[in-house]
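Below is one structure, written out as structure tokens; comments come after it.
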Amino acid sequence: MSEMPYPIKDWEQAIKQVKSVVAARININQLGEIEEVHILAGSGRVPKQIVRDVESILAAQFDLQIDHKKISVAQLEENEKGNSVIEVSNRPKLVGVTLRTVNGMAEVKVEMLKGDTLLEGLAEGPSSSHNKLRLFVEATLKALEPLNSGLLFVTEDVGIIQLAKQHIALVSITLIASTGEQSLTGCAIVKNDDREAVVKATLDAVNRKL
């Protein structure tokens with residue numbers, strides 16, 4: 001296979017110059033336009049700062065303009081001690097995930113705690129490998145319905161990628177509101193369970209909207 005005529009490696013190397021960035025992976029479409037930028041970083045800086053720096057360095061070095069929504073940042077948990085207690089306590093906490101498969105169909109249940117309130121979401125569908133991951137996104141969104149103030153979230157895609165020897169769950173969701181549509185992305189490092197990582201990536205995508 002011949003190499004792509006776009007300096008993807010140069011772009012990725014430039015992104016690695018950004019403070020706290022450990023690794024970077026860029027996906028482009030057939031026109032050579034950047035579709036996704038996946039970043040693995042330490043947690044010494046907030047993701048929004050890293051995204052802004054990535055936008056700036058690509059613009060300065062390569063004259064590339066990229067929508068910040070296409071940039072996702074996964075942070076290494078062992079460095080996440082800087083998160084404020086208030087921020088963590090205000091977010092739903094994952095309690096458990098369950099999966100049942102019968103005759104080619106799957107049933108997924110996601111349980112979370114918001115303060116003292118138990119949130120539960122169920123989703124059913126065909127039990128193919130990819131669709132089961134999608135069902136965990138759907139079940140998470142259903143569990144969050146009591147918190148979303150009438151917002152409509154639509155699952156677009158979900159997947160597991162490898163970046164810097166880490167497996168990362170990525171989720172793409174569309175928010176439909178009276179003002180129009182908005183694309184949301186979330187990511188989470190896979191530790192022991194792909195399914196839990198997908199739930200956490202879903203929460204990462206929608207937390208700011210809840």
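The values are calculated or read from the model by the stated rules, or taken from the named source; none is laboratory data. Every value quoted in this text rests on a predicted model; they were computed, and no experiment measured them. Here the Cβ positions follow ideal geometry from the backbone for every residue, glycine too, while neighbour counts run over all protein chains shown. All accessible areas refer to the heavy atoms of the entire protein, side chains included, with ligands and DNA or RNA removed. Shrake-Rupley method; radii C 1.70, N 1.55, O 1.52, S 1.80 Å.
Tell me the per residue accessible area of the chain using a 1.4 Å probe; a whole number in Å² is fine. It would help to have the intermediate numbers written out before the result.
Numbers: 12110 Å² over 210 residues.
Heavy-atom SASA per residue in the chain reads 58 Å².
Helix-derived [θ] at 222 nm for the chain: sum -39500 (n - 2.57) over DSSP H runs of at least 4, divide by residue count, nearest 500?
Details: 5 runs with 57 residues, N = 210.
Roughly -8500 deg cm²/dmol at 222 nm, from the helical runs in the chain.
Return the whole-Å distance between the Cα centroid of segment 26-65 and the Cα centroid of segment 98-128.
Cα centres, segment 26-65 to segment 98-128: 34 Å.
With the contact rule set at Cα under 8 Å and sequence spacing of 6 or more, what percent relative contact order holds for segment 116-188?
22 percent
Please compute the contact order of segment 56-204 in relative form: average sequence separation of alpha-carbon pairs under 8 Å and at least six residues apart, divided by the residue count, as a percent.
Here the relative contact order equals 17 percent.
Expressed in nm to one decimal, what extension gain is obtained for the pair Leu94 and Ser149 from 0.36 nm per residue of sequence separation less their Cα-Cα distance? Don't skip to the answer; put the middle values down first.
Numbers: separation 55, 0.36 × 55 = 19.80 nm, distance 2.03 nm.
That works out to 17.8 nm of additional length.
Roughly what % antiparallel, to the nearest 5, for the DSSP beta bridges in the chain? Write out the running numbers ahead of the final one.
Working: 47 of 52 bridges.
In the chain, approximately 90 percent of DSSP beta bridges are antiparallel ones.
Let me check something: with ligands and nucleic acids excluded, how do Ser129, Ser178 order by accessible area (1.4 Å probe), largest to smallest?
Details: Ser129 95, Ser178 125 Å².
Accessible-area ranking of Ser129, Ser178, largest first: Ser178, Ser129.
Accessible area of segment 54-210 with a 1.4 Å probe: how many percent of it is carbon plus sulfur? Mind dumping the intermediate values first?
Working: 4060 of 8820 Å².
That share works out to 46 percent.
Could you compute the FRET efficiency for Leu64 and His130, with r as their C-beta to C-beta distance and R0 at 35 Å, rounded to 0.05?
Step by step, r from the Cβ atoms, then E = 0.65.
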